[in-house]
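A short write-up of the structure that comes next.
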Amino acid sequence: MVRRVALVSIVLALLAVAPSAVGKRGITETDLFTFVWVADPQMSPDGSRIAFVRVTVNEKADQYESSLWIANADGSERPRQLTSGIRDTSPRWSPDGLRLAFARSIDKDGKAQPPQIYVMPMAGGEARAITEMARGASGPEWSPDGKTIAFAATAKPEDLAPKSGDKPRESDVRVITEAEYRANGISGSGFVDRDRPSLVWTTALPAAGEPPAPPTRVTSGEFPASSHRWSRDGSQIYFVADRRRESYYYPNDSDIFTVSKDGGEVKTLVSIDGSIIAYAPSPDGKRIAFVGIPAGKPERSYSQPDLWVADIPGGTPRNLTADYDFDINGSIGGDQRSPRGASPAGPIWSADGRSLFIKVGRHGDADLAAFDAQSGKELSGAGADPHHEVISYSADQAVQRVAAVISTPTAIGDLYVIDGMVGASPRKLTAFNDELFGQLAMTGPEEIWYTSFDGRKIQGWIQKPPSFTASQKYPLILEIHGGPHTAYGHTFTHEFQWMAAKGYVVLYTNPRGSSNYGQEFGNIIQFTYPGDDYKDLMAGVDEVLKKGYIDESRMGVTGGSGGGLLTNWVVTQTTRFKAAVSQRDISDWANFWYTADFTLFTPTWFHKAPFEDAAEFARRSPITYVDRIQTPLMFILGDEDYRTPPAAGGEDLFRALKYLKRPTVMVRFPAENHELSRSGKPWHRVERLQHIVGWFDKYLMGKPTATYP
């Protein structure tokens with residue numbers, strides 16, 4: 001039976017949240033409608049101003065709206081709105097700081113149109129479109145002389161030709177020849193259009209009053225190009241790509257390529273045995289720094305990213321941080337990264353070319369650090385108090401100031417400025433959520449370290465209710481992160497705070513396999529996932545039970561993606577949990593191998609294919625042990641999730657549990673993909689939280705409900 005929850009349940013949920021401190025109330029799920037996010041901070045060349053994306057929720061339209069804002073770096077004035085669009089993103093300063101390019105999607109006939117590149121004079125005047133690409137344009141990047149903008153587009157040259165006569169019929173039949181043919185996040189069918197890879201184009205800035213200049217396609221062929229940037233002298237355009245056909249047959253590998261600004265032959269600029277992500281040319285243009293993930297031999301499930309430098313052209317790349325056992329460009333997982341807008345990061349050169357600045361994921365923190373560009377020695381940064389996550393950042397031309405978005409466990413990311421790069425205290429420039437958060441009774445989590453079954457140290461956090469009293473017994477919810485190679489830490493997570501406000505103690509930990517704890521810690525679960533990571537989680541639960549304030553008869557478990565897999569695994573291994581919510585999960589590894597949007601053709605997680613070693617896949621699949629499940633189990637699934645397809649996860653277990661007549665429910669979210677909890681439609685994100693806590697309220701709090709009979 002399919003049941004729809006009346007919106008009156010939201011009102012009832014709000015009324016159920018009692019004030020936990022004088023003059024303050026607990027956070028609610030619907031507070032998400034008033035959250036404000038900051039994204040894509042862009043410091044002006046002279047360091048005086050910061051352009052950024054401000055994102056809000058239009059509750060009535062059930063959508064996010066983004067506009068460009070600007071702040072003075074010295075904090076002398078309040079930040080102000082710069083553009084009036086509702087889908088404006090990607091602000092980029094011209095080299096002289098007099099203009100701002102950005103991407104804008106407008107409405108036409110009540111429908112959002114593909115985004116185009118616009119340019120706005122900062123001295124005053126209206127923004128105007130400089131592209132008219134049939135399928136849109138994105139990622140504006142100014143040439144050093146400020147006369148040309150490079151951008152990304154999936155158009156074909158024939159799309160630009162004038163249309164004449166009737167358009168011939170185009171077949172809607174797909175002929176698929178590659179194993180990776182769908183991608184999570186492509187709305188509707190999810191199918192990848194291989195005939196339209198994202199390529200690099202350029203367009204000259206038109207004179208005042210002139211129409212957009214004809215664009216020039218700089219790259220061509222079948223391989224997508226990403227992360228395009230201009231060379232320092234403006235003669236070349238760099239980009240990152242994996243230019244191997246059907247590359248899923250081989251270990252991950254991508255390189256930096258270069259092509260003339262006018263197009264032509266593509267040449268390899270920098271190559272490593274592994275993948276290259278973010279990069280930056282040195283001030284003199286003679287070197288390039290980049291984040292590289294070296295390939296393991298034999299191939300690994302997890303490879304720690306490092307900071308590299310190479311002379312260009314033709315120099316041998318040097319791994320500066322090969323002996324530095326933390327994640328270069330690392331991050332922290334949460335549910336409140338801005339749902340729209342980019343999060344720029346990566347290496348930044350000092351003005352003299354002697355140092356490199358980049359964020360580092362170290363345990364539960366992500367902070368800026370400085371490294372010597374020759375020796376790789378860490379100079380300063382990373383791990384400073386207070387604990388936080390630097391989400392994104394950019395610097396001025398002199399590299400004396402950095403604009404950053406920083407989050408903590410009790411604050412959504414705000415815009416900060418750091419003078420002197422690393423070491424100085426960040427100065428807060430925006431306070432969009434302060435009024436709301438000033439009304440809320442919230443506390444930061446308690447950090448713990450505990451010893452697992454084999455002596456390994458595991459980091460975790462305990463989020464307690466705002467009115468916590470040690471003499472009281474509380475229900476516990478164990479939260480398990482996905483990935484599996486990601487990490488929890490000191491960043492804001494609405495879900496944890498709301499569960500605590502509802503009277504639950506929330507435990508979240510970073511079991512083996514998590515990132516930010518070193519190469520060996522991250523890769524130790526290869527070919528054994530799930531396995532000993534489950535034991536780490538149970539050791540964490542045991543550690544909290546020792547504290548005496550948890551009611552052991554009222555414990556629940558939940559997690560998403562890899563955390564959904566582990567949630568399924570937990571309830572096949574133990575009956576200590578009285579309720580479970582598995583989100584965007586995997587239950588049958590063989591089914592997943594055949595249907596996910598990425599392939600496991602190389603031995604990263606499994607030694608062979610399912611038909612070659614069915615026993616290995618069955619041994620690690622929760623569906624194999626479904627008859628052991630006694631825990632009431634809810635499944636949260638997105639109908640367009642191609643990363644963990646529902647048929648390889650919750651659908652399997654739900655049908656099996658119904659056959660066994662065990663308590664279970666499946667909650668489906670139309671038109672939602674794997675990013676439901678982070679960037680799904682606002683109402684769906686709220687309803688997701690309501691269902692998760694509603695299930696726990698029923699089985700851990702004993703609250704009656706007609707929704708889950």
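Derivation of every value follows stated rules applied to the coordinates shown; laboratory data play no part. Predicted, not measured: the structure shown is a model, and the values here were computed from it. Cβ atoms come from the backbone with ideal geometry, glycine included; neighbour counts cover every protein chain shown.
Shown in residue order for region 624-632 are the 3J(HN,Hα) couplings computed by the Karplus curve 6.51 cos²θ - 1.76 cosθ + 1.60 at θ = phi - 60°: 4, 10, 4, 5, 7, 6, 10, 6, x Hz (x for Gly and Pro).
FRET efficiency for residue 660 and residue 613, Cβ-Cβ distance as r, R0 = 30 Å, nearest 0.05? Walk me through the numbers before you get to the answer.
Numbers: r = 27 Å, r/R0 = 0.92.
The calculated FRET efficiency here is 0.65.
Give the distance, in whole Å, between the Cα centre of region 241-308 and the Cα centre of region 513-533. Computed from Cα coordinates, the inter-centre distance equals 25 Å.
Using 0.36 nm per residue of separation minus the Cα-Cα distance, give me the extension gain between residue 171 and residue 553 in nm, one decimal. Intermediate values should be presented prior to the final figure.
Values: separation 382, 0.36 × 382 = 137.52 nm, distance 5.92 nm.
In short, 131.6 nm is gained.
Computed from the C-beta positions of residue 60 and residue 435, the FRET efficiency with R₀ = 22 Å rounds to 0.55.
Note on residue 207 and residue 80: their simple-model spin labels are 3.2 nm apart, each label 7 Å out from Cα toward Cβ.
With a 10 Å Cβ neighbour count serving as the proxy for reagent exposure, in which order, fewest first, do 629, 312 appear?
Values: 629 23, 312 18.
In order of increasing Cβ crowding within 10 Å: 312, 629.
Considering only alpha-carbon pairs that sit under 8 angstrom and 6 or more positions apart, the relative contact order computed for region 383-507 is 22 percent.
For region 580-709, the fraction of C-alpha pairs farther apart than 17 angstrom is 61 percent.
DSSP bridge analysis restricted to region 442-701 gives an antiparallel fraction near 30%, rounded to the nearest 5.
Taken as Cα centroids, region 63-100 and region 542-615 sit 42 Å apart, rounded to the nearest whole angstrom.
For the pair residue 159 and residue 351, the difference between a 0.36 nm per residue extended length and the Cα-Cα distance amounts to 64.9 nm.
For region 604-640, state which trypsin sites (Lys or Arg not before Pro) are in a DSSP loop and have at most 15 other beta carbons lying within 10 Å of their beta carbon.
Passing both the DSSP loop test and the Cβ count: 608.
Cβ-to-Cβ counts within 10 Å put 205, 368, 379 in ascending order as 379, 205, 368, the fewest first.
Residue separation times 0.36 nm, minus the C-alpha to C-alpha distance between residue 134 and residue 671: what's the value? Could the numbers behind the result be given before it?
Working: separation 537, 0.36 × 537 = 193.32 nm, distance 2.45 nm.
Length gained, residue 134 through residue 671: 190.9 nm.
Taking N as the residue count of region 442-701, its C-alpha radius of gyration divided by 2.2 N^0.38 Å amounts to 0.96.
How much of the calculated P(r) for region 45-190 lies past 20 Å, in percent of all Cα pairs? Please list the in-between numbers first.
Details: 6372 of 10585 pairs.
Percentage above 20 Å: 60.
Take the chain, mark every one of the GluC sites (Glu not before Pro) that falls in a DSSP loop and has at most 12 other Cβ within 10 Å, then report the longest stretch left between them, sites excluded. Answer - 266-611. Couplings for region 107-121, taken from phi via the Karplus curve 6.51 cos²θ - 1.76 cosθ + 1.60 with θ = phi - 60°, read 9, 9, 6, x, 10, 5, 8, x, x, 10, 8, 10, 10, 10, x Hz in order; Gly and Pro are left as x. 3J(HN,Hα) couplings calculated from phi for region 319-325 with the Karplus curve 6.51 cos²θ - 1.76 cosθ + 1.60 (θ = phi - 60°) are, in sequence order, 7, 6, 10, 4, 9, 9, 8 Hz; Gly and Pro show x.
Can you pick out the pairs among 359/428; 359/547; 147/359 whose Cα atoms lie more than 24 Å from each other?
Values: 359/428 18 Å; 359/547 35 Å; 147/359 32 Å.
Over 24 Å apart, Cα to Cα: 359/547; 147/359.
Are there trypsin sites (Lys or Arg not before Pro) in region 494-560 that DSSP puts in a loop and that have at most 15 other Cβ atoms within 10 Å, and which ones?
Numbers: sites: 502, 512, 535, 546, 547, 554; in loops: 502, 512, 546, 547.
Loop-located and lightly packed - 546, 547.
Let me make sure I get this right: for region 115-212, a, b and c are the square roots of the gyration tensor eigenvalues over alpha carbons, sorted descending. Under 1.5 in a/c it's rounded, otherwise prolate if a/b > b/c, else oblate. Which is it? Note, shape of region 115-212 comes out prolate.
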